[in-house]
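Q: Take this structure, written in structure tokens, and hold onto it; I'll ask about it next.
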Amino acid sequence: MIEFESLQNHNNINQTDLTRGLITIDGELESDDIKSLKFLCQDHIAQKTLEKIKDGIQIFNELERLGKIDTSRGEVDYLLECLCRCHRIDLIKKMGFNQIQVKNRVESGRSNFSPFRLLLFEIAEEMETVDLKTALFTLSSNFCIELKKFIEIRISQAFSRDFLQGTRQDTYGHFTIVNNPDRTISVLEPRDHDGCQNQIKSTVMETSKQKSCIVAVNAGFFEPRPGNVCLGNIISDGRVVMKSEGVQNVHFGITNDGSLHFGYLSKTEIADNNYKQLIGGVFWLVRDGQNYLKESINIECQTEEQAEIMEMYSKTILSARSAIGHDEEGRILLMQLDGFNGHKGMTLYEFADVLLDYGFVQAINLDGGGSTTLTINGTLVNHPTDKW
């Protein structure tokens, strides 16, 4: 996070005056101001929490809880920038701060918000509705989603979690909501048709060109060594690309009647060819609104020893993550988080908890780690650490 050089050193505002100022501006915030503040704060406040917020005081309290402002020390640079960008610079004076000084600092280009968040905010101010009827959305080097209605991509979201060591760390990523999944989702093979059969390795960016996808994120697991590139069951637009033998991991699919599927499949169900789209993941993270990782580990690991090792891995190893799921309204939800194996990111257990915070009712773990990639309009917008 980029922080301003402290503004408060020039104001000598005590906590009592500052608290009184916050109460005053809360009473003057219009409903549109609240919406704007919530939109800006999506980088740091969980969506599930934002949906419950009705007034300014609730926003201020949540920012204080997250450490973005600290009224006891007079540190409210984050909120001052919010008010300035929401064109409520008049309220800055009522908090006891210098309006011109705040405005000059904001206009200098230094910000507490990501460039993507600021870009989206500018677009949102100019557009009342977004109707991209031919937009395309894609999942992975194995997976493409075509959106007839492009709903929302929340870019450079910061997810703060309490780690085992008692520290906090912001993990950046992207949270996407997709409407009409039956009409919009299709699976893509690496690079082009028959990419799996021809053992083609391809980046997400290359693969997304097949349908000029607006957004792309990797999904299916792959074999990095020579041999079969694609792994698991894959069905693309009703065409069976691959069938997996042996242990069946958790899957996401869309049936021929348009229903969403999250869960395990028998060989018989796969043989029935009742799917238009199908891709496999590893571990069912959220099932019916509950963290299901432990149960899924026991199901998908073939031995107790493997399950014990994976349980320890899932609790301790930080990494980049990707997941697909749906919410209570039947909308597809996607989340991609940046990371570096063993050093940055989230554990699988932390990731599952974050998915719950963001309204996932079902969610499966997709290919993560160094290959975790997301592109928008053919431009890489995250930070994968691997080549593929």
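Every number here is computed from the coordinates shown, using simple stated rules; none is lab data. Computed from a prediction, not measured in an experiment: that's the story for all the values here. Positions of Cβ are generated from backbone atoms using ideal geometry, with glycine treated the same way; all protein chains shown enter the neighbour counts.
Q: Below 8 Å, C-alpha to C-alpha, sequence gap of six or more: please give me the relative contact order for the range 8-126 in percent.
A: 33
Q: Can you list the lysines whose alpha carbon sits under 30 Å from that of residue 68, skipping same-chain ones fewer than 8 residues off?
A: Within the straight-line cut-off, residue 68 pairs with 35, 38, 48, 52, 54, 93, 94, 103, 315, 344.
Q: Round to the nearest 0.05 the FRET efficiency obtained for residue 259 and residue 72 when R0 = 30 Å and r is the Cβ-Cβ distance.
A: Details: r = 52 Å, r/R0 = 1.74.
Result of the calculation: an efficiency of 0.05.
Q: Sort 36-42, 189-195 by the packing proxy (mean of other Cβ within 10 Å over each peptide's residues), most packed first.
A: Ranked from most to least packed, the peptides come out as 36-42, 189-195.
Q: Now for a separate question. What's the extension gain from residue 110 to residue 180 if we count 0.36 nm per residue and subtract their Cα-Cα distance? Each step should come with its number before you reach the end.
A: Details: separation 70, 0.36 × 70 = 25.20 nm, distance 3.86 nm.
That pair, residue 110 and residue 180, stretches by 21.3 nm at full extension.
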